[in-house]
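Right, one structure below, let's go through it.
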Amino acid sequence: MGAYPQEFRDRVLSALGRGESANPIARRLEVSRYYVYQVRDRFVLEGERGIRQWGGYRRSVIEGMESTLHDWLKAEPDLTLQEMCDRLASHGRVLKVAALWHQLNRLGLTLKKNPARQRARAVRRPTGP
């Protein structure tokens with residue numbers, strides 16, 4: 001079930017403004033008493049009358065720091081994800097290791113294996129299927 005329409009919120013707030021209590025408002029509009037309190041508290045504490053957005057696009061914590069991350073990796077190719085998280089935290093960007101890995105993968109800044117670390121193969125054995 002989605003959010004109630006804005007009309008309901010406006011009706012609740014206008015009834016509360018007239019001095020009505022939560023029980024009669026909830027009965028008349030066929031909503032819960034908790035909903036009436038929720039609308040009132042959000043208006044009083046945060047000044048919001050509207051519906052909050054559900055879901056949608058979340059901006060990355062490291063947005064705009066791609067070049068800095070790239071420079072760090074060029075200067076120190078063996079930099080661990082935890083060390084990068086610590087450096088980001090010193091710049092005011094708090095991020096967990098898994099989230100950082102996901103962002104680096106999305107940016108194409110993943111660690112590439114070098115040939116010296118590849119699995120050993122027999123010299124005479126053909127590669128591939």
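The values are calculated or read from the model by the stated rules, or taken from the named source; none is laboratory data. Quick caveat: nothing in here was measured; it's all calculated off a predicted structure. Positions of Cβ are generated from backbone atoms using ideal geometry, with glycine treated the same way; all protein chains shown enter the neighbour counts.
Residue-by-condition table, conditions (1) touching a Cys at 6+ places or on another chain (Cβ under 7 Å); (2) among the basic types (Lys, Arg); (3) not assigned by TED's automatic domain parsing to the domain that holds ASN105:
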| position | (1), (2), (3) |
| --- | --- |
| GLY17 | no, no, yes |
| GLU20 | no, no, yes |
| ASP41 | no, no, yes |
| ILE51 | no, no, yes |
| HIS70 | no, no, no |
| ARG87 | no, yes, no |
TODO: Looking only at region 34-49, count how many residues are of a type in the set (Lys, Arg), modelled with pLDDT of 90 or more and more than 19 Å from ASN23 (Cβ to Cβ).
DONE: 1
- [ ] Tell me which of these SER21 doesn't satisfy, since it passes every other one: (1) modelled with pLDDT of 90 or more; (2) within 30 Å of LEU104 (Cβ to Cβ); (3) among the small types (Gly, Ala, Ser).
- [x] (2)
